[in-house]
Amino acid sequence: MKRRIAGLMLVVLSVCVLGFWEFWGRENITYDRVLVLKESLPENTLISADMFRVKRVEKAGEGAVTEDRIDEISGLETAQFIPAGTELYREYFRESIFAVGEEKGRYILSIPEQWLKAFPQTLRRGDRAFFYCGGEPVTDAIVAYVRDGTNQEVHYGDDERLTSSSSVSLIEIVATKEQAALLAKLAEKGNKFVVLYC
C-alpha cells in the first residue's frame, strides 16, 4: 500500500513539475528577453523608452537588443521602417539627424519664401537639401519640416511621392550658425536659392 501511495505521489509530482516547466519555467528560465516595438514606426522617428515592450524568444538572434540594453537605443531614431513585434538590432537605429540645441551646435532654420527661386514640391522631412546660388553650391542641410500654407506637415501617400497631402509652402532645415549666417548674408544681397534634394 505504501508503495502504491509513493508511486502515485511520484506521478502527481512529476506531472506538477512538467506542468510548471511547460507553462512557466521554459519561457521564464531558458528564453531570451529581447526588445520589440509596440507599434510599427516609419524611418526618422525619434525613439523613447515607452515605445518598447519585452518579448521572450527561444533563441535571440546574434546582436539582438536585449532588455538590459534599452539605454543603447533610447534617444536614437529609426534608420528604416520597423514593424511592430520585430526583434530589434542596433543597425535599425542611428543618431538623430534632427537633433538640435546648443550642445549639438545645430538649430532649426526657417527658409523664407522670398529666399527661394525654385524648390521641388516632393521635398519631405529627412531629405538632404542642397542650396545653389548663381549655379554654384552653397551648402546642404537636413530638411526638418516641410509645411503647407496652413502650417501643416506635408505627407506623401506612397514612397515614390506621387501623391501628397498638400503643396509645399515652407521649408525648415537643421542648420549650424555658420550655415544660417551664410544663407542670410547671400539673401540680404538679393540672391535667391535653388533647392535640390537627394
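The values are calculated or read from the model by the stated rules, or taken from the named source; none is laboratory data. All of these numbers come straight from a predicted model, not from anything done at the bench. Virtual Cβ from ideal backbone geometry, glycine too; neighbours counted across all protein chains shown. For the accessible areas, the whole protein counts, side chains as well, though only heavy atoms, and no ligand, DNA or RNA atoms are used. Shrake-Rupley method; radii C 1.70, N 1.55, O 1.52, S 1.80 Å.
Structure above, values below:
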read-out	value
Flag for residue 101 being farther than 26 Å from residue 40 by Cα and open to solvent by 40 Å² or more (accessible area, probe 1.4 Å)	no
From 63, 75, residue being among the small types (Gly, Ala, Ser), modelled with pLDDT under 85 and over 19 Å from residue 126 (Cα atoms)	63
Hits in the stretch 28-60 - residues which are of a type in the set (Phe, Trp, Tyr) and farther than 29 Å from residue 125 by Cα	31
Whichever residue in the stretch 61-107 is without any contact (Cβ under 8 Å) to a residue 40 or more places away in the chain and among the hydroxyl-bearing types (Ser, Thr, Tyr) and, among such residues, is farthest from residue 158 (Cα to Cα)	66
Selection from the stretch 63-90 of residues that are part of a loop (DSSP other than H, G, I, E, B) and either open to solvent by less than 50 Å² (accessible area, probe 1.4 Å) or within 12 Å of residue 53 (Cα to Cα) (or both)	63, 65, 74, 75, 76, 79, 84, 85, 86, 87, 88
The lone exception for residue 11 - which of (1) in a helix (DSSP H, G or I); (2) modelled with pLDDT of 85 or more; (3) not aromatic (Phe, Trp, Tyr) it fails	(2)
Residue ID - least open to solvent (accessible area, probe 1.4 Å), chosen from residues in the stretch 31-60 that are at pLDDT below 85, over 24 Å from residue 156 (Cα atoms) and assigned to a loop (DSSP other than H, G, I, E, B)	60
Residue in the stretch 112-123 that is of a type in the set (S, T, N, Q), loosely packed, with under 15 Cβ neighbours inside 10 Å, touching a residue at least 24 places away in the same chain (Cβ under 8 Å) and on the phi < 0 side of the Ramachandran plot present	yes
Residue in the stretch 64-76 that is in contact with a Phe, Trp or Tyr (Cβ under 8 Å, 6 or more places away or on another chain) and either aromatic (Phe, Trp, Tyr) or under 29 Å from residue 170 (Cβ atoms) (or both) present	yes
